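The values are calculated or read from the model by the stated rules, or taken from the named source; none is laboratory data. Remember, predicted model here, so these are calculated numbers, not experimental data. When we count neighbours, we look across all protein chains shown, and the Cβ atoms used for this are built from the backbone with ideal geometry, even at glycine.
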């Protein structure tokens with residue numbers, strides 16, 4: 001399995017994987033530079049992304065094709081995202097989740113009140129409306 005930065009030719013595959021996982025995909029083509037893909041034998045089996053706002057970043061749309069879950073694919077994508085974000089000066093990553101709180105807690109993320117989230121993250125499309133208000137906010141220092 002190998003991670004790489006996504007390209008415009010990946011938008012359809014990314015959208016399909018996000019849709020299959022119940023995640024918003026309507027703006028991924030506009031923000032393709034924020035996405036990475038995980039490939040195995042030339043097939044995209046996972047996607048993820050991060051928006052960077054100075055020293056904070058927002059992980060978005062981490063999703064794995066169903067046949068590859070539980071095989072470290074999510075961890076590989078997350079490490080790639082973290083390394084890329086760290087190289088851009090990010091010190092803290094945030095995310096919103098409705099269904100993967102326990103997974104991210106095992107990876108060292110902690111929950112946080114929405115009112116305590118830095119303004120740049122609160123102003124993202126994900127925070128303001130693409131993810132429901134019921135989504136749990138989590139963060140981790142990198």
Conditions (1) in contact (Cβ under 8 Å) with a residue 24 or more places away in the chain; (2) part of a loop (DSSP other than H, G, I, E, B); (3) more than 12 Å from the chain's Cα centre (by Cα): number failed by residue 70 = (1)
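When you look at residue 56, is it under 25 Å from residue 123 (Cα atoms), surrounded by fewer than 22 Cβ atoms within 10 Å (Cβ to Cβ) and out of contact with any strand residue (DSSP E or B) (no Cβ under 6 Å at 6 or more places or on another chain), yes or no? Walk me through it before giving the result.
Numbers: under 25 Å from residue 123 (Cα atoms): yes; surrounded by fewer than 22 Cβ atoms within 10 Å (Cβ to Cβ): yes; out of contact with any strand residue (DSSP E or B) (no Cβ under 6 Å at 6 or more places or on another chain): no.
So residue 56 does not fit the description; no.
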Those residues that are surrounded by fewer than 16 Cβ atoms within 10 Å (Cβ to Cβ) and either in contact with a helix residue (DSSP H, G or I) (Cβ under 9 Å, 6 or more places away or on another chain) or modelled with pLDDT of 95 or more (or both), I need them from the range 59-74; list them, please.
-> 66
Go through the range 76-130 residue by residue and tally those that are part of a helix (DSSP H, G or I), without any contact (Cβ under 8 Å) to a residue 40 or more places away in the chain, more than 22 Å from residue 19 (Cβ to Cβ) and over 14 Å from the mean Cα position of the chain (by Cα).
-> 9
For the range 29-49, the count of residues that are closer than 13 Å to residue 5 by Cα and surrounded by 14 or more Cβ atoms within 10 Å (Cβ to Cβ) equals 13
What is the one condition in (1) under 18 Å from residue 23 (Cβ atoms); (2) part of a helix (DSSP H, G or I); (3) modelled with pLDDT of 95 or more that residue 138 does not satisfy?
-> (2)
